[in-house]
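Working notes, structure below.
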Amino acid sequence: MTGAGPQGGILFVLSAPSGAGKSTVAERLLGRVTGLRRTVSHTTRAPREGERDAVDYHFVDEAAFEGMAGRNEFLEWAQVHGARYGTSRGAVARALAEGGGDLLLVIDVQGGRALRGMKDIDAVTIFLLPPSEEELERRLRGRGSDSDAAIRQRLDNARREMQEQDWYDHKVINDEVARAVDEVEGIIRRERARRAARQGAR
């Protein structure tokens, strides 16, 4: 499997520490960038308020997730904040093979690290950063869904995850959502133009 399918589709990977806003940025991108689709990951965590099964995530129990992992059905998977998250290998392969546009994979930093180690994956990777640790903590507390201990754990993890940023192709600071979306959209359009130019030169 490569990041470019037979019809020229590109695999874009968006990663960020928890609370940096990757889901919000991804949702807005999908609403305004034509030809961009999102893969839906599997997770063992419970849905948050407003989240929908098979739209935000495929919410599964531990046994189902373990079975998929045992059958090597995940392109990547990781345990994050006590829950497991995984990307279906088959779903990504089918989406790229079908053509009809590019694919946006919204995954945590552990998942991004796993993809970097795969020689058969050619993806454009984007790391979304919070403007500061203080702002990240404010956003996490603003969710109202985590205990103080959970927030401290997420902040500790975020510090480690942000050390991975230099391995990504692009870095975007999410200090204001609209500006961050504009910047990521610009990256997508430039990568599309670069890919088209390479294909045209063949």
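The values are calculated or read from the model by the stated rules, or taken from the named source; none is laboratory data. Everything numeric in this text was worked out from a predicted model, so none of it was measured. Positions of Cβ are backbone-derived with ideal geometry, glycine not excepted, and every protein chain shown enters the neighbour counts.
Just one of the listed residues (Thr44, Thr39, Thr24, Thr34) is within 13 Å of the chain's Cα centre (by Cα) and either at pLDDT 95 or above or surrounded by fewer than 16 Cβ atoms within 10 Å (Cβ to Cβ) (or both), and it is Thr24.
Out of Glu185, Glu161, I need the residue that is closer than 29 Å to Glu49 by Cβ and either in contact with an Asp or Glu (Cβ under 9 Å, 6 or more places away or on another chain) or hydroxyl-bearing (Ser, Thr, Tyr) (or both). Which one?
Numbers: Glu185 fails: either in contact with an Asp or Glu (Cβ under 9 Å, 6 or more places away or on another chain) or hydroxyl-bearing (Ser, Thr, Tyr) (or both).
Result: Glu161 is the single residue among Glu185, Glu161 that is closer than 29 Å to Glu49 by Cβ and either in contact with an Asp or Glu (Cβ under 9 Å, 6 or more places away or on another chain) or hydroxyl-bearing (Ser, Thr, Tyr) (or both).
Listed conditions (1) β-branched (Val, Ile, Thr); (2) without any contact (Cβ under 8 Å) to a residue 24 or more places away in the chain; (3) in contact with an Asp or Glu (Cβ under 6 Å, 6 or more places away or on another chain) are all met by Ile10, apart from (2).
Among the residues that make up the stretch 180-190, is at least one of them farther than 11 Å from Ala16 by Cα, buried (at least 16 other Cβ atoms within 10 Å of the Cβ) and of a type in the set (Gly, Ala, Ser)? Within the stretch 180-190, one or more residues are farther than 11 Å from Ala16 by Cα, buried (at least 16 other Cβ atoms within 10 Å of the Cβ) and of a type in the set (Gly, Ala, Ser).
Can you find a residue in the stretch 91-106 that is of a type in the set (A, V, I, L, M, F, W, C), outside any helix (DSSP H, G or I) and at pLDDT below 85? No, the stretch 91-106 contains no residue that is of a type in the set (A, V, I, L, M, F, W, C), outside any helix (DSSP H, G or I) and at pLDDT below 85.
Scanning the stretch 102-134 for residues that are surrounded by fewer than 19 Cβ atoms within 10 Å (Cβ to Cβ), farther than 17 Å from Asp166 by Cβ and not aliphatic (A, V, I, L, M) turns up Lys119, Asp120, Asp122, Pro131, Ser132, Glu133, Glu134. Residue count for the stretch 160-186 satisfying the condition of being among the charged types (D, E, K, R) and more than 15 Å from Pro131 (Cβ to Cβ): 7.
Going through (1) more than 26 Å from Glu49 (Cβ to Cβ); (2) surrounded by fewer than 12 Cβ atoms within 10 Å (Cβ to Cβ); (3) not acidic (Asp, Glu) one by one, Leu96 falls short only on (2). Within the stretch 54-73, being at pLDDT 95 or above and in contact with a strand residue (DSSP E or B) (Cβ under 7 Å, 6 or more places away or on another chain) holds for His58, Phe59, Val60, Phe65, Met68, Ala69, Glu73.
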